[in-house]
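Asker: Right, I'll just put the structure down here and ask away after.
The values are calculated or read from the model by the stated rules, or taken from the named source; none is laboratory data. Fair warning: this is a prediction, and the values are worked out from it, not measured in the lab. Cβ placement follows ideal geometry from the backbone for every residue including glycine, while neighbour counts extend to all protein chains displayed. SASA here: full protein model, heavy atoms, side chains in, ligands and nucleic acids out. Shrake-Rupley method; radii C 1.70, N 1.55, O 1.52, S 1.80 Å.
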Amino acid sequence: VVLDLGVPPRQSYEKAALQSELSFRATGTSRTTLSFQELVKLGVKKYSQLQWHCVTGWSYMDGIVLHGVPLGRVLDELEPRPDWEWLKIGGADGYSACVHREDVLGFSCDCIEQEELSKTRTAYDEKASTVLACSSCGACEPFVALGEQDDDNKDSRLLSMERGLVRVVFPRLFGWKSVKFFESLEFYGASEANGARGYWELLGCHARGRLEKNERWDERFAFVWNILTALVRMEQRVLPEWVIVGIMQRAAAGLGKISLG
């Protein structure tokens, strides 16, 4: 949940977040900016029973509790171009990830409370995708996380710095798709998929990253990444967590410099 590139966000972003003065950018939309206050007014929900799954093989299963705004409401407010196929999410630390339209709008829920599913159709969606949201736990719905619940069941106004302050979360995708220090949304058509790719997608991670399909790696790079993740799992048996996080952060930053220039 706390793993990132080891690069802090711009100081201006942190200051604006702490003062509730953030402004989020969007391209490929009718509306190009959305303020923090406008985001909150879209309606904050509680998301419980959340799990976290890292592409390298570890998972956090204890039920994370976060507060945030459903991503579908944000898209309704921004009104993306009708033909968009990919959403690229950018963070103030330089990180980014791409998510397919179906994983933004057409996710499904297999929770115990499945009979309580509520269906909501987004107004702008000409392809008539149906958004499924679990009305009881919300553990399947993509959302913009604004706060968290600590061990004493107290709610925070923002996420902690190590968790990303403001973060876009996709519970049904691997963790690298959930971007910290959320700053921007870019919408791309089907023919523009290469331009939509984010940090790890450019380095060989799968474009979709769906948990239920175990979509971890681009087939062209699976052999290399399987070896690297096996090494990470070996390290986890003998090294403390803070050492492993530091190693992975430096490795990610190094790969980025080599591959992305």
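Asker: Quick check: net charge around LEU173, other residues with Cβ under 9 Å of its Cβ, Lys/Arg +1 and Asp/Glu -1? If you can, show how the numbers build up before the last one.
Answerer: Values: positive: ARG172, LYS177, ARG208, ARG210; negative: ASP103, GLU215.
Local net charge: +2.
Asker: Hey, another quick one. What relative contact order, as a whole-number percentage, does region 176-232 give when Cα pairs under 8 Å and 6 or more residues apart are counted?
Answerer: Taking the mean separation of contacting Cα pairs over the length of region 176-232, I get 21 percent.
Asker: Shape call for region 163-205 from the C-alpha gyration tensor, a ≥ b ≥ c root eigenvalues: rounded (a/c under 1.5), prolate (a/b greater than b/c) or oblate?
Answerer: Since a/c reaches 1.5 and a/b is larger than b/c, the shape of region 163-205 is classed as prolate.
Asker: Counting only protein chains, not ligands or nucleic acids, how are GLU77, GLU201, GLU219 ordered by accessible area (probe 1.4 Å), most first?
Answerer: Numbers: GLU77 75, GLU201 10, GLU219 170 Å².
The residues order as GLU219, GLU77, GLU201, largest area first.
Asker: Right, another one. How do GLU38, GLU212 rank by accessible surface area computed with a 1.4 Å probe, from largest to smallest? Walk me through the numbers before you get to the answer.
Answerer: On the way: GLU38 75, GLU212 115 Å².
Ranked from most to least accessible, the order is GLU212, GLU38.
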